[in-house]
Amino acid sequence: MTARNISRFWEWGRKIICVGRNYADHAKELKNAIPTEPILFLKPPSAYIREGSPILVPLYSTNLHHEVELGVVIGKGGTAIPQSAAMEHVAGYALCLDMTARDIQDECKSKGLPWTMAKAFNTSCPVSEFIPKERIPDPGSVKLWLKVNDQLRQSGCTSQMIFSIPYLISYISDFITLEEGDLILTGTPKGVSAVQEHDELQAGIEDVVTMSFRVDRQDQ
Ligand SMILES: O=C(O)/C=C/C(=O)CC(=O)C(=O)O
């Protein structure tokens, strides 16, 4: 077996744990209450794509949304990690998109069903290159942005997160053991909107990283 290299975590990382409604402005734009505890859901590793591969609109959706997020890459596993030690478990970061079939999510919500079909489909987790933790000394205060066809749609700062990265690592690890290579998506700021086939998405974290992805429709 080839050695596992954290800078290619998407090739072997086992879990993608996502936090919903972690920015008050985004919770409000979708008319949701501000959460008092983290809202979690999962994506499978088959959701990963890298630049050069297209984001595919699932055949069953007509309202695919972008959500730009800071991803936290776990470097050292653990269970019941205290907040005070949480950052020792972080290897680095990635800029991520939590692509969401909003029409399907709305349907799931109205029926009280899980969001899996809306959030976990193939190509639903585009990620940037791995960013070593030293390059983002204060992950609690970095600016994220996303443009669609050169038009700015999302712009936010991780200082607006309701639950901090140490809190999330501690909270999640109380009931899901975190492993090396796992990715935590920390939620999206306001400005989510629909994308169409042929759109070009560009996103960035300040002067740290940028990435771009094209949207295609899935073949029949
Ligand atoms: O509650 C909703 O209607 C939708 C929530 C999300 O999709 C939230 C996220 O995934 C997020 O905030 O990052």
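A few comments on the model shown:
- Comparing 174, 98, 182 in a Gaussian network model of the chain where C-alpha atoms under 10 Å apart are linked, the largest mean-square fluctuation is found at 174.
- Residue-by-residue Karplus 3J(HN,Hα) for the range 94-103, coefficients 6.51, -1.76, 1.60, Hz, glycine and proline x: 8, 7, 9, 10, 9, 5, 9, 7, 5, 5
- Here's how it looks for residue 21: its modeled amide H is under 5 Å from those of 188, which are all 5 or more places away or on a different chain.
- Looking at the range 6-217 alone, DSSP beta bridges between its own residues are antiparallel in about 85 percent of cases.
- Packing, taken as the mean count of other beta carbons within 10 Å per residue, orders the peptides 50-59, 123-132 from highest to lowest as 123-132, 50-59.
- A simple spin-label model places pseudo-atoms 7 Å from Cα toward Cβ; at residue 14 and residue 107 they are separated by 3.3 nm.
- Packing, taken as the mean count of other beta carbons within 10 Å per residue, orders the peptides 60-68, 35-43 from highest to lowest as 60-68, 35-43.
- Label zone at residue 53, where the point sits 7 Å out along the Cα-to-Cβ direction: the range 1-24 residues whose backbone N lies under 16 Å: 8-16
- The chain shape via C-alpha gyration tensor axes, a/c threshold 1.5: rounded
- Taking label positions 7 Å along the Cα-Cβ direction at both residue 34 and residue 176, the computed distance is 2.5 nm, reported to one decimal.
- GNM result for the chain, Cα springs below 10 Å: residue of 96, 157, 108 fluctuating most strongly: 108
- Added length on full extension, which subtracts the Cα-Cα distance from 0.36 nm per residue, residue 3 to residue 60: 16.7 nm
Any read-out appearing in this document is the output of simple, stated calculations on the displayed coordinates, not a laboratory observation. Please read all numbers here as calculations on a predicted model, not as lab measurements. Don't worry about glycine lacking a Cβ; one is built from the backbone with ideal geometry, like all the others, and counts go over all protein chains shown.
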